[in-house]
1. Quick one: which of T67, T101, T128 is under 30 Å from V167 (Cβ atoms) and surrounded by 10 or more Cβ atoms within 10 Å (Cβ to Cβ)?
2. Do we find a residue being free of Cβ contacts under 8 Å to residues at least 24 places away in the same chain, within 25 Å of R285 (Cα to Cα) and open to solvent by 60 Å² or more (accessible area, probe 1.4 Å) anywhere in the stretch 224-238?
3. Out of G214, G125, G189, which single residue is touching a Pro at 6+ places or on another chain (Cβ under 7 Å) and not charged (D, E, K, R)?
4. Does A5 fit the bill of being out of contact with any Cys (no Cβ under 6 Å at 6 or more places or on another chain), surrounded by 10 or more Cβ atoms within 10 Å (Cβ to Cβ) and among the aliphatic types (A, V, I, L, M)?
5. For I181, only one of the following conditions fails: (1) open to solvent by 40 Å² or more (accessible area, probe 1.4 Å); (2) in contact with a Ser or Thr (Cβ under 9 Å, 6 or more places away or on another chain); (3) not basic (K, R). What is its number?
6. Can you tell me how many residues in the stretch 48-64 are farther than 14 Å from V167 by Cα and in contact with a helix residue (DSSP H, G or I) (Cβ under 9 Å, 6 or more places away or on another chain)?
7. Taking V146 as the residue in question, decide whether it is out of contact with any helix residue (DSSP H, G or I) (no Cβ under 6 Å at 6 or more places or on another chain), open to solvent by 90 Å² or more (accessible area, probe 1.4 Å), under 30 Å from D57 (Cα atoms) and of a type outside the set (D, E, K, R).
8. Please identify the pairs in which a residue from the stretch 411-423 that is under 17 Å from S377 (Cβ atoms) and in a strand (DSSP E or B) has its Cβ atom under 6 Å from the Cβ atom of a residue that is open to solvent by 60 Å² or more (accessible area, probe 1.4 Å) and of a type outside the set (D, E, K, R), counting only partners at least 6 apart or on another chain.
Amino acid sequence: MSIEAEALLQEAKESIEAAQNYRSELQQRLHGLSQARKQVRGSASQTRETLQRHFQDLQTTVSRLLTERLNILLQEVDSIELDSVSPLDDCQKLIEHGISTADELLREGEAAIRCGVNEKEDKLGSFTKKALQIQLDSLPEVPTLVDVPCLSAQLDDSLLHTFRTQVARHGSVASYPPVQIEELVERPGGVLVRWCKVDDDFTPQDYRLQYRRGNSSQYEDAYIGKDTEFLVLHLDPHMDHLFRVCARGEGRTEWSPWSIPQTGYTTLAPHEWRAGVDGYILSSRKNITMRSDSSSGHGGVLYSNSPTYFCGQTLTFKITAAGPTDKRDSLGVCADSRTGTDSLQRDQAVCISTNGAVFVNGKEMTNQLPAVTVGSSVTFDMEVVNIFPVSNNNNPNDKGTFKLRVTIGSGNREVVFDWLLDQVVDSLFFGCSFTHPGWKVLVF
């Protein structure tokens with residue numbers, strides 16, 4: 001085959017490969033477009049159902065409340081009518097009885113006048129005596145119209161206007177949620193979730209973060225507050241979890257629509273304290289330790305169960321209870337988990353004491369952090385700076401150095417320094433030591 005033919009063949013192969021890549025990219029974009037369409041149509045259908053269900057419930061409730069109020073008012077009318085008409089009925093019966101008596105007396109009087117001469121005197125006398133007994137000058141008192149109730153309905157016409165105004169403002173349809181998840185960062189035994197506001201016209205008062213396992217249909221509350229990030233712990237490694245966030249606007253009681261769920265997971269094993277160390281009690285998840293009364297005054301170092309801290313991560317110690325302090329107390333990170341020491345203030349370790357002093361390979365730094373107490377959070381961040389050669393003389397017996405840049409934060413202050421190790425390490429232990437009981441530490 002000539003050179004020209006080989007060149008054309010190579011060019012054809014490259015074009016075919018480019019066309020295949022192009023087709024693959026287009027198919028991925030087509031899939032993304034399908035997912036976008038599915039989200040729009042699915043969310044629209046769900047929103048319609050939500051609106052219809054809400055307004056139907058609202059209509060039913062309003063109708064029931066109006067009917068209940070109408071019945072109460074009608075019962076009040078019936079009660080007033082009954083109480084007012086009853087004495088009038090009694091008065092009417094008395095007057096009707098008087099009219100009946102007067103009619104009877106008139107008939108007797110007319111009969112007495114028309115009777116014969118022989119009977120007239122007796123009948124007139126009997127009539128006169130009966131007329132005196134009836135007391136024709138005594139009349140029952142009849143109330144005037146101003147003294148009896150005249151019922152009317154007092155209805156506030158502004159209610160309809162207010163109701164119409166509130167209904168016109170009730171509910172809204174949002175094309176996008178006001179907050180969205182910005183970043184998911186895996187942490188040992190958990191995922192750090194960060195979110196942000198995406199609607200400039202929305203002023204958040206509180207945020208609400210929920211998560212669920214990939215094989216579950218029920219979301220759980222993880223956080224409610226004003227922060228825009230939260231570390232969700234106690235997650236099973238290598239298992240997908242869905243996260244979503246919403247917000248409550250300033251001065252509002254209802255929550256905003258949920259953000260689009262994001263999938264995150266962690267491949268990192270959770271930080272755990274080592275079990276079975278005298279003087280320390282662990283929680284069921286082994287991420288919390290408490291200094292006990294046993295061996296008080298001469299305790300050793302409690303290390304992590306394994307070297308689970310890697311450079312590039314943030315290691316946090318949260319102090320949830322505090323006891324008496326001692327200058328040998330320590331919280332920190334080390335290259336090994338040697339026994340027979342009572343503090344991390346030693347070689348191959350960096351730590352902070354409860355008084356805020358910082359130690360690097362057993363030597364105290366001049367910079368100092370705030371004292372550690374209840375509620376304190378101490379963070380360790382490390383990154384690899386450089387790995388020095390084993391030896392300039394190529395002598396395998398000479399040790400090299402491994403430099404890490406360490407940032408320790410406590411309160412609103414932090415110190416930054418370089419930590420030299422005599423060997424390269426992929427992962428590090430963490431540990432703590434307290435001389436006196438009462439200290440309780442959560443690690444994550």
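The values are calculated or read from the model by the stated rules, or taken from the named source; none is laboratory data. Since we're looking at a predicted model, the values are computed, not measured. For neighbour counting, all protein chains shown are included, and Cβ atoms are generated from backbone atoms with ideal geometry for every residue, glycine included. Please note that ligands, DNA and RNA were not included when accessible areas were found on the heavy atoms of the full protein model with its side chains. Shrake-Rupley method; radii C 1.70, N 1.55, O 1.52, S 1.80 Å.
1. T67
2. Within the stretch 224-238, one or more residues are free of Cβ contacts under 8 Å to residues at least 24 places away in the same chain, within 25 Å of R285 (Cα to Cα) and open to solvent by 60 Å² or more (accessible area, probe 1.4 Å).
3. G189
4. Against the criterion (out of contact with any Cys (no Cβ under 6 Å at 6 or more places or on another chain), surrounded by 10 or more Cβ atoms within 10 Å (Cβ to Cβ) and among the aliphatic types (A, V, I, L, M)), A5 does not qualify.
5. (1)
6. Final tally of qualifying residues: 0.
7. Spelling it out, it is not the case that V146 is out of contact with any helix residue (DSSP H, G or I) (no Cβ under 6 Å at 6 or more places or on another chain), open to solvent by 90 Å² or more (accessible area, probe 1.4 Å), under 30 Å from D57 (Cα atoms) and of a type outside the set (D, E, K, R).
8. Final answer for the pair search is V415/N367.
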